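The structure appears below as structure tokens.
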Amino acid sequence: MEPIALAVIGGTGVYALAQLDDVTTVQVDTPYGAPSGPIRIGSLGGQRVAFLARHGEGHSIPPHKINYRANIAALKQLGVARVLALNTVGGISENWGPQVLGCPDQLIDYTWGRISTFCEEAGSEVLHVDFGHPYTPALRAQVLAAAARAGVSVVDGGCYGATQGPRLETNAEVERLRRDGCDLVGMTGMPEAGLAREAGLDYACLAIVANWAAGCAGDEEITMAEVLANVAVASAGLPAIVSELVNQ
Ligand code: HPA
């Protein structure tokens, strides 16, 4: 069988990959437990593509309860080498407004209490992986080139602040993120990216901006309805990007 050209991990509001055809569903078990749900493997752009909904297909798993290790290990067990992570985020910097798609090149990890490494169990090999560039530069370049060919605009570069959630941030927390240099904020960027690096997978993030982060656009309440509506609009270009990406 053809190898899987790309795995896509969907975030809030993206529970399936549109235009994925001839889908077979696999349940994978890993030494770290079960992933967030079944992995759907189908065809897109003439290549085999796998899709996993990070929060479960009914969005039942909050960010701090996701078994990130099982998700990454399951994809690795399927022979996946490249992962495109879709992360729904709040925008902080001017060019990261609602409905924007962006491909960050840096991150800062503010999460806590999550199992963040495969070096957890006694006796497992201790790895100190290089993480200076947390997203695989070559895959980022391919994502940006694919988006350009697909005619979908994607912001190139930015710093992802990974917060604990599941609550949204206070205005002051977002101000601190801004001072730290974060352009966007989400709850699922870590430990996923670090685990992918430990597992030797190429990994890039395509962030989908759902809302202005707390306090960045007046003092309007951020609602789930707004988040989902903006994600739905911004997601329209995803199949075209993936279709280009799998062919390079
Ligand atoms: N903060 C953190 N995570 C998010 C946000 C936010 O404002 N919007 C969507 N995911």
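Values quoted throughout were computed directly from the atomic coordinates according to the rules given, and no laboratory measurement underlies them. Nothing here was measured: the structure is a model prediction, and the numbers come from that model. Cβ placement follows ideal geometry from the backbone for every residue including glycine, while neighbour counts extend to all protein chains displayed.
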Taking amide H atoms as placed 1.01 Å from N in the peptide plane, list the residues 5 or more away in sequence, or in a different chain, whose amide H sits under 5 Å from that of A53. G10
Neighbour-count order for H133, H55, H64, fewest beta carbons within 10 angstrom listed first: H133, H64, H55
Loop only per DSSP, at most 16 neighbouring Cβ atoms within 10 Å: give me the GluC sites (Glu not before Pro) in segment 203-235, ordered by residue number. E220, E221
When Y160, Y15 are ordered from fewest to most other Cβ atoms inside 10 Å of their Cβ, what list results? Y15, Y160
Volume per residue of the C-alpha convex hull in the chain, rounded to whole Å³: 118
Distance histogram for segment 90-163 (every C-alpha pair counted, 5 angstrom bins, percent rounded to whole numbers): 3, 12, 19, 19, 18, 12, 9, 6, 3, 1
Show log10 I(q)/I(0) for segment 107-248 at q = 0.17, 0.18 Å⁻¹, two decimals, from a solvent-free Debye sum over equal Cα scatterers. -1.09, -1.18
Other-chain or far-sequence residues with amide H under 5 Å of L6's (modelled H): A50
Assertion target for E244, E175, ordered by fewest C-beta neighbours within 10 angstrom first, is E175, E244
Which Rg and Dmax, in Å, describe the Cα atoms of segment 36-120? 14.9, 41
In Å³ per residue, the alpha-carbon convex hull of segment 157-213 encloses 89
